[in-house]
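For reference, the structure discussed in these notes is given below.
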Amino acid sequence: MRVRRESWATATCFLIAFCWLGFATVRFAPIYRGLELRLPVPTRLVVAYGAVAFPFLGIMAAATLILSSVFLARWMQWVWVMLFALLLIWGFRALIFSDVGGLGPTIRANEETGANSRRIPLP
């Protein structure tokens, strides 16, 4: 049961990348505080669970890559690498490039809407 050096290096890189993404989630979460209901679903998931989920996914990715180099064919390890790379890109994109600015029209603070649109002047 011999594991190649490339497998260890790839597993280490994915572990570091996923742990960094978990740390970045902790740092970026206060930016989205108060917007939870208006955020897109991927950003909401990353902000809510990313601090714990990303390091866990890093451990799972590292273990999967090391074990796949021992028990599976070489091409299967590349499939796992692509899957974990796409998961990293998805998490990074959901955290950093969320569509918070395009949430639709906003109600201005001084604009009168609804029942308050007709004011009766005071004498």
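Close Cβ contacts (under 7 Å, 6 or more residues apart or on different chains) running from residues in the range 1-14 that are closer than 12 Å to Ser68 by Cα to residues that are among the hydrophobic types (A, V, I, L, M, F, W, C) and not in a helix (DSSP H, G or I) are absent.
Please indicate, with yes or no, whether at least one residue in the range 54-72 is at pLDDT below 90 and within 12 Å of the chain's Cα centre (by Cα). No, because not a single residue in the range 54-72 is at pLDDT below 90 and within 12 Å of the chain's Cα centre (by Cα). For beta carbons closer than 6 Å, sequence separation of 6+ or different chains, a first residue in the range 48-72 that is among the polar types (S, T, N, Q) and a second that is outside any helix (DSSP H, G or I) and surrounded by fewer than 17 Cβ atoms within 10 Å (Cβ to Cβ), the qualifying pairs are Ser69/Val3; Ser69/Arg4.
If I filter the range 15-39 down to residues being of a type in the set (Lys, Arg) and without any contact (Cβ under 8 Å) to a residue 40 or more places away in the chain, which single residue comes out as surrounded by the fewest Cβ atoms within 10 Å (Cβ to Cβ)? That would be Arg33.
The values are calculated or read from the model by the stated rules, or taken from the named source; none is laboratory data. Everything numeric in this text was worked out from a predicted model, so none of it was measured. In this analysis, Cβ positions are derived from the backbone assuming ideal geometry, glycine residues included, and neighbour counts consider all displayed protein chains.
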